[in-house]
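A.B. asks: Got a structure for you, written out below as structure tokens; questions coming shortly.
The values are calculated or read from the model by the stated rules, or taken from the named source; none is laboratory data. What you see is a predicted model, and the numbers here were worked out from it, not measured in a lab. As a convention, Cβ positions derive from the backbone with ideal geometry for all residues, glycine included, and neighbour counts pool all protein chains shown. The accessibility values were calculated without ligands, DNA or RNA, using every heavy atom of the protein model including side chains. Shrake-Rupley method; radii C 1.70, N 1.55, O 1.52, S 1.80 Å.
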Amino acid sequence: DKGGWSSFMAKEISEEPEAVANTLRGRIRDGEVVIPELDGLDDLFAGISRIIVIACGTAAYAGQVGKYAIEQWTRIPVDVELAHEFRYRDPVIGPDTLVVSISQSGETMDTLMAVKYAREHGARTLSICNTQGATIPRESDAIVYTHAGPEVAVASTKAFVAQVTALYLMALHVGRVRGTVSAADAAAHVAELEAIPAKISQILEREQPRIEQFAHWMADTRSVLFLGRHVGYPIALEGALKLKELAYIHAEGFAAGELKHGPIALIEPGQPVFVIVPSPSKSGEMHKKVVSSIEEIRARGARVIAVAEEGDAAVLPKADEVLRIPLAGPFFEPLLAVVPLHIFAMGLATAKGLDVDQPRNLAKSVTVE
Ligand code: BG6
């Protein structure tokens, strides 16, 4: 039931705040992360020296976002791999490896086969999944469910923010178990997470109509580029994927630092480029670096659409369009910056008259390898 919305996707984007809130619910007590599903499983995290995150599509981008926080908070090295690539290259894994799979459906065959492979080769496995009782969690040593609620639109939106939230909860839990995160730091990160739902709601209320209008104007666009740095990089990749999936437009995401090593050759007058701008106050040097990337592409005629923090005055004169997100701590911005990109992709597909819930050639859950 679309509940009065024009599409499941419109409904599911509107549910992004509650997807995060529901994933947090019951898992925070007095500023500490408490994950009942992981009770008694401390040994799972005690003996590991590396984490490999495996997933496909949007779930893999959630994993890429999670990598930064997991490494920072647990000091365990993290690799993120596409499940189908992991499975077929004789990966070096063993009992010191925790393989974290992420899957909305819990049935994606590529991911399932990779989890089975990991288990057979002695790795420990943890599943982040949105569907109770699905196959992948049943094949795993531990489960952390996302509580995004059922996702019907084929392209994933609300599950993504729930997956990032679950990864952060898991990272904080592991960091506390291993003593790499202090109680005070954990409480500060938890407070950031708890503030996310209201901040997403703010984006939906204040920016959604403007972004949809803007997407309408862009309906004839044939190619869109996305740039991001650090946690903004996987968000750029997700923005591009969503546009491919929903609007059938050529779209690519790049690491902003990579621009001069190739992608800048693509910039010609009028080329739309979304740039995920990190917080000027919280990201230190990175903000300056991204602003200088904007200057470089603008000098070559790019049409710059910046996703930037409300208080970021430096970006305003340099961008053709600024999509505003509220202030958040460094690791938490992706949970906000992705929202305008989801709205934009849906808006552009809608402007082209496409079915945003059932894009051509795609299936919600791909149960073949
Ligand atoms: C694709 C879906 O087929 O599978 C994507 O179209 C999704 O939206 C990907 O991100 C992975 O699916 P799941 O269920 O494993 O998260």
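A.B. asks: 5 Å is the cut-off here: which amide hydrogens, built 1.01 Å from N in the peptide plane, fall below it relative to residue 100, excluding neighbours closer than 5 in sequence?
C.D. replies: Distant-sequence amide H within range of residue 100: 52, 53, 54, 126.
A.B. asks: How far apart, in nanometres, would the label points at residue 266 and residue 316 be if each is projected 7 angstrom from Cα along the Cα-to-Cβ direction?
C.D. replies: Here the modelled spin labels are 3.1 nm apart.
A.B. asks: Give, as a single signed number, the net charge of other residues whose beta carbon lies under 12 Å from the beta carbon of residue 14, with Lys and Arg counted +1 and Asp and Glu -1.
C.D. replies: -2
A.B. asks: Could you give each residue of the range 299-306 its phi-based ³J(HN,Hα) in whole Hz, using Karplus coefficients 6.51, -1.76, 1.60 with θ = phi - 60°, and x for Gly or Pro?
C.D. replies: 4, 9, x, 4, 9, 9, 10, 9
A.B. asks: Then there is this: Using 7 Å Cα-to-Cβ label points, what is the residue 32/residue 364 separation (nm, one decimal)?
C.D. replies: Taking the two extended label points, one gets 3.9 nm.
A.B. asks: Grab the Cα-Cα distance for residue 223 and residue 299, subtract it from 0.36 nm times how many residues apart they are, and report the gain in nm with one decimal.
C.D. replies: Full extension of this stretch gives 25.5 nm more.
A.B. asks: Tell me, what are the semi-axes, in whole angstrom and largest first, of the equivalent ellipsoid of the range 72-171 as set by the roots of 5 times the Cα gyration tensor eigenvalues?
C.D. replies: Semi-axes from the Cα gyration tensor: 22, 16, 12 Å.
A.B. asks: Suppose we keep just the DSSP beta bridges with both residues in the range 1-116; what percent of those would be antiparallel, to 5?
C.D. replies: Counting DSSP beta bridges with both partners in the range 1-116, the antiparallel share is about 15 percent.
A.B. asks: Give me the dipole magnitude in Debye, nearest 20, for the range 73-194 about the Cα centre, with unit charges on the beta carbon: positive for Lys and Arg, negative for Asp and Glu.
C.D. replies: 220 debye
A.B. asks: Next question. Radius of gyration and Dmax for the range 62-126's Cα atoms, expressed in Å?
C.D. replies: 11.6, 31
A.B. asks: How far apart, in nanometres, would the label points at residue 119 and residue 75 be if each is projected 7 angstrom from Cα along the Cα-to-Cβ direction?
C.D. replies: With each label placed 7 Å out from Cα toward Cβ, I get 3.3 nm.
A.B. asks: Something else now. Given H placed 1.01 Å from N in the peptide plane, which residues other than close sequence neighbours of residue 327 have an amide H under 5 Å from its amide H?
C.D. replies: Under 5 Å from the amide H of residue 327 lie the amide H atoms of 310, each far enough along the sequence or on another chain.
A.B. asks: Near residue 52, within a Cβ-to-Cβ distance under 9 Å, what is the net charge of the other residues, with Lys and Arg +1 and Asp and Glu -1?
C.D. replies: Spelling it out: positives minus negatives among the neighbours equals -1.
A.B. asks: At a temperature of 25 °C and a viscosity of 0.890 mPa s, determine how fast the chain diffuses translationally according to Stokes-Einstein, using the Kirkwood radius over alpha-carbon pairs as Rh; express D in µm²/s, rounded to the nearest whole number.
C.D. replies: Rounded, D is 119 µm²/s.
A.B. asks: How big is the range 226-369 by the Kirkwood estimate over distinct Cα pairs, in Å?
C.D. replies: Averaging 1/r across every pair of different Cα atoms and inverting gives 15.6 Å.
A.B. asks: From the helices alone, meaning DSSP H stretches of at least four residues, give me the mean residue ellipticity at 222 nm for the chain, per-run term -39500 (n - 2.57), in deg cm²/dmol to the nearest 500.
C.D. replies: -14000 deg cm²/dmol
A.B. asks: Moving on. Which percent of the accessible heavy-atom area of the chain goes to carbon and sulfur, probe 1.4 angstrom?
C.D. replies: 50 percent
A.B. asks: Here's something else I'd like to know. Have a look at 82, 49, 216 and report the one farthest towards the positive end of the charge dipole of the chain, computed about the Cα centre with Cβ charges (Lys/Arg +1, Asp/Glu -1).
C.D. replies: The listed residue farthest towards the positive side: 216.
A.B. asks: Report ³J(HN,Hα) in whole Hz for each residue of the range 282-288, in order, from the Karplus equation J = 6.51 cos²θ - 1.76 cosθ + 1.60 where θ = phi - 60°; Gly and Pro get x.
C.D. replies: Values per residue, Gly and Pro as x: 10, 10, x, 4, 4, 4, 4 Hz.
A.B. asks: Which value, in Å², gives the accessible area per residue of the chain when a 1.4 Å probe is used on the protein heavy atoms?
C.D. replies: Here the per-residue accessible area is 38 Å².
A.B. asks: Same structure, new question: Quick check of the Kirkwood formula: for the range 25-80, what is the inverse mean of 1/r over all pairs of different Cα atoms, in Å?
C.D. replies: Here the Kirkwood hydrodynamic radius works out to 12.9 Å.
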